[in-house]
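Each value in this text was obtained by applying a stated rule to the coordinates, not by laboratory testing. The model shown is predicted, which means the values in this text are computed figures rather than measured ones. Quick reminder, even Gly has a Cβ in these numbers, built from the backbone with ideal geometry, and neighbours come from all protein chains shown.
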Amino acid sequence: MIRRVLFICYANTCRTPAAFELAKSYARKIDLKGVEFDSAGWHIAFDHAQPETIEYLKLKGIEMKDFQPKPITRELIEKQDLVIGMERYQLTKIKNKFKTLKEDLKGKLFTLKEFNGVDKKELNIPDPYKTEKKRYFEILEIVEKNVEMFVKKVKYINESS
């Protein structure tokens, strides 16, 4: 059973706050219960989500309230059933930083696209930070499409176990 999911990216201000909020929204829509979503990043540079992320979510009917980026920690990683990165290198960094968790991390680390079964050549979702709004929204659409698939797959896995 998958009960706890952590979305990770570089700064936890763009892709992962969107993934976190979208996952909660899609979970409600498909009646996925008992799964907690969270998000974190490697480098916390701001105390808020990026304005483009907030605007994108608002256009989807999702109000982001009181979001505060948080750092990736050992304690946060340890309690997850899945750690979902936006880019492959973020998962490699977890393996390198938390080497003593090697056995615990087996079968828990995926990129969002990888978990959904996307071609191995296309595993990364690029960081939209400092891109124009159109590109930013295009990337968040990729995040949204993959989060929707992800939530449906988690529901299927949980119902099958």
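Here is how the numbers come out for the structure above:
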| quantity | calculated |
| --- | --- |
| Alpha-carbon centroid distance for the pair region 1-37 / region 83-161, whole angstrom | 11 Å |
| Two-site FRET efficiency, Gln68 against Asp104, from Cβ-Cβ distance with R₀ of 25 Å, rounded to 0.05 | 0.40 |
| Listed pairs Lys33/Lys130; Lys65/Lys121; Lys106/Lys133; Lys93/Lys133; Lys60/Lys153 exceeding 32 Å between Cα atoms | Lys33/Lys130; Lys65/Lys121; Lys106/Lys133 |
